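What follows is a set of notes on a single structure, which appears directly below.
Each reported figure results from applying straightforward, stated rules to the coordinates on display, with no laboratory input. Because the structure is a prediction, the values reported are computed rather than measured. Cβ placement follows ideal geometry from the backbone for every residue including glycine, while neighbour counts extend to all protein chains displayed.
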Amino acid sequence: MSLAAIVVLTGITLVMIIQSNRGERRKASESNVEEETVTEISMEITTFQVGEGWGYDIFIDGKVYIHQPMIPAVQGISEFETEAKARKTAEFVVDKIKRNIIPPTVSYKELDSLGIFN
C-alpha cells in the first residue's frame, strides 16, 4: 500500500472518529450528561524498531489509530534514525489531533523544524 493511500485512509478514519464523537456530544447535552465525560479520549504513543530504525504507533482509546513504520512526507521508505525522533514526531501528530487538525498530516518542512533530519 502506498504512503498516499495510508495517509488518505488515516484521514478518513480520523474524520469518522471525530464525527462519531460529535454525535456523542450531542447525545450527552440532550441527556444533561457533562460533555467532558463523553468527549475525553485516551491517546498513547508507542515506538518500535523497524529494520535499522524506528517507527511509532498512536493509540486512541486503546485502538491503533496510526501505525507509522516510516518517516511521513519523505519519498521512499525511510525509518526514523532514533527512537527519540520517532517519539517527537508522534507527539507532534498527537498535538495536531488534539487541536482538531484533520487529517494530521506532517510536511517535510514541519519535520525539518522538529530536527528530524539532523
For this session: Please name whichever of Ala84, Ile102, Pro69 sits farthest to the positive end of the charge dipole of segment 69-118, dipole taken about the Cα centre and charges placed at Cβ: Lys and Arg +1, Asp and Glu -1.
Result: Ile102
Exercise. Loop-only check: which chymotrypsin sites (Phe, Trp or Tyr not before Pro) in segment 63-118 are DSSP coil with at most 16 other Cβ within 10 angstrom?
Worked result: Phe117
